[in-house]
Amino acid sequence: MRYSRPRGTRDFLPGEMALRRAVEQKMRSVFIRYGYTEVATPTFEHLELITAKSGEEILAHLYHFKDKGGRDLALRPELTAPVMRLYVNQLQNSPKPLRLYYFGNCFRYERPQAGRYREFWQAGVELIGPASPEAQAEVIALAEAVLRELGLRNYELHIGSVGVLRKFLAERGVAEEEQCRIMGIIDKGDRELLEEELLKLGLSQEERSTIAGVLELTGGRDAVLSKARELLGERRAALEELLSLEEILDALESFGVKYSLNLGIARGLDYYTGMVFEIYAPKLGAEKQICGGGSYSLAETFGGKPVATSGFAFGFDRIMLALQKDGVELRGDEGVQVMVIPFGEEYLPKAVEIASALRRSLACELEVMRRRVKRALSYASSKGVPFVVLVGEETARGRVLLKHMRSGEQREVEIDRLEELLLEEAGV
Ligand code: AMP
């Protein structure tokens, strides 16, 4: 009986896994250079943690279940809520700012397609404590720095604010829950439904067209901001949010980040409060969003003290696709660098000893199939192993044969100098 993978999941073979690890490593190194340290949380959480403030879009796609103790649990659909739970439970009293990064698998019951899976990976950061424009600007700049480090060329950074619209609605007396629902509809891009719902909330024709107008605003900073100010007129709270956005954009200047303003970004998660941003890799088509983030408020939802927070998450799988589409040459781990083959069983103990010594610094495979040298060599060659050490009678003189697989050249070398020679030749 053979079993297939569950729908929407993937296996990763060694070659692909090596590339994924190489990219992951680069991402981690940028996070670390910006002062972030890693945290990890469980793969499943209490259902309420996720339902508290994630938004309808995510809830519709949740994997949830009861465990044998009757507890309602859910596989995490993202990592911001779990990381903020961790913060509230264990890190609230740590010195601020707290810079946390994570890398983990997430689960959403969605219709699988290219770039959309039921199990996927997110790499992201949360900056906890500072509310300053420069802190938020730095979060955006970090996302961009990661993409630059990876060598991605075709991407677009769009910055907006859910605060502007939320405050607009709040000023009109629309409750927070309703605001979230409206933002969800905007995120889905259903403009007709939006019109209907705004009508139900009692918004006038003029108010509805102001909202529609603001959502359409994309492009360069000055044009978008002046049009937005014009549309918002006397709406104080919404204008203040626009001003906060401007301050972040001012701070972003010195980071040298290029972006478009896009006041139509709503984000599918309910916890965003102010600045939001998304990064797209246009070559990915429908599933082109490779990163999403912004400033949000969750600590108090989880019983903590309110604290300013901002962060983002990369869709790691989409980053891999975007790098491939962009033709970025990726180099994974080189694999086995040297294979040690004994000339028969009597030389096995010596071969083990030599392999163990080489493993201090090299990826070394020992022949354990008791194959004749010829067959073991053809295996090494089919795997592309660059060097082979043949262990035989020369050991009596403290020597072995070192074979260079590509040239076929073979020479006797001292066992004591083997590691040094290999390191030199393998260019490690
Ligand atoms: P979100 O948590 O919805 O803001 O998503 C953050 C990022 O995760 C998105 O920008 C996508 O790149 C990625 N993502 C979300 N859902 C999926 C999925 N089902 N499959 C692959 N990547 C996803």
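The values are calculated or read from the model by the stated rules, or taken from the named source; none is laboratory data. Quick caveat, the model's predicted, so the values are computed rather than measured. Positions of Cβ are backbone-derived with ideal geometry, glycine not excepted, and every protein chain shown enters the neighbour counts.
Looking across the stretch 31-79 at every residue that is touching a strand residue (DSSP E or B) at 6+ places or on another chain (Cβ under 6 Å) and under 25 Å from Ala137 (Cβ atoms), the one that is farthest from the ligand (Cβ to nearest atom) is identified as Gly35. Is it the case, given these coordinates, that Arg267 is modelled with pLDDT under 95, basic (Lys, Arg) and under 19 Å from Met183 (Cα atoms)? Judged against the criteria, Arg267 is a match. Against the test of being touching a Pro at 6+ places or on another chain (Cβ under 7 Å), of a type in the set (A, V, I, L, M) and either within 17 Å of Ile159 (Cα to Cα) or surrounded by 20 or more Cβ atoms within 10 Å (Cβ to Cβ) (or both), the options Ala228, Ala251, Ala266 yield a single qualifying residue, Ala251. For the stretch 55-62, the criterion of being under 24 Å from Phe103 (Cβ atoms), surrounded by fewer than 19 Cβ atoms within 10 Å (Cβ to Cβ) and modelled with pLDDT of 95 or more is satisfied by at least one residue. Does at least one position in the stretch 72-92 carry a residue that is surrounded by fewer than 16 Cβ atoms within 10 Å (Cβ to Cβ) and closer than 27 Å to Pro6 by Cβ? Yes, some residue in the stretch 72-92 is surrounded by fewer than 16 Cβ atoms within 10 Å (Cβ to Cβ) and closer than 27 Å to Pro6 by Cβ. Being in the same structural domain as Gly293 (by TED's automatic domain parsing), of a type in the set (Asp, Glu), at pLDDT below 95 and part of a helix (DSSP H, G or I): is that true of Glu234 here? The answer is no for Glu234. Within the stretch 94-125, the residues that satisfy the criterion of being more than 9 Å from the ligand (Cβ to nearest atom) and in contact with a strand residue (DSSP E or B) (Cβ under 8 Å, 6 or more places away or on another chain) are Lys96, Pro97, Leu98, Arg99, Leu100, Tyr101, Tyr102, Phe103, Gly104, Asn105, Ala123, Val125. For the subset of the stretch 172-192 comprising residues that are hydrophobic (A, V, I, L, M, F, W, C) and under 23 Å from Glu278 (Cβ atoms), which member is surrounded by the most Cβ atoms within 10 Å (Cβ to Cβ)? For the stretch 172-192, the residue satisfying everything is Met183.
Looking for something of a type in the set (A, V, I, L, M), assigned by TED's automatic domain parsing to the domain that holds Ser54, at pLDDT 95 or above and under 21 Å from Lys167 (Cα atoms) - is there at least one such residue anywhere in the stretch 277-295? There is no residue in the stretch 277-295 that is of a type in the set (A, V, I, L, M), assigned by TED's automatic domain parsing to the domain that holds Ser54, at pLDDT 95 or above and under 21 Å from Lys167 (Cα atoms). Scanning the stretch 112-124 for residues that are assigned to a loop (DSSP other than H, G, I, E, B) and modelled with pLDDT of 95 or more gives Pro112, Gly115, Tyr117, Arg118.
Of all residues in the stretch 272-326, those satisfying the criterion of being within 17 Å of Val139 (Cβ to Cβ), of a type in the set (A, V, I, L, M, F, W, C) and within 11 Å of the ligand (Cβ to nearest atom) are Val276, Phe277, Ile279, Ile290, Cys291, Phe312, Ala313, Phe314.
For the stretch 44-54, the count of residues that are surrounded by fewer than 20 Cβ atoms within 10 Å (Cβ to Cβ), assigned by TED's automatic domain parsing to the domain that holds Glu240, among the polar types (S, T, N, Q) and within 15 Å of the chain's Cα centre (by Cα) is zero.
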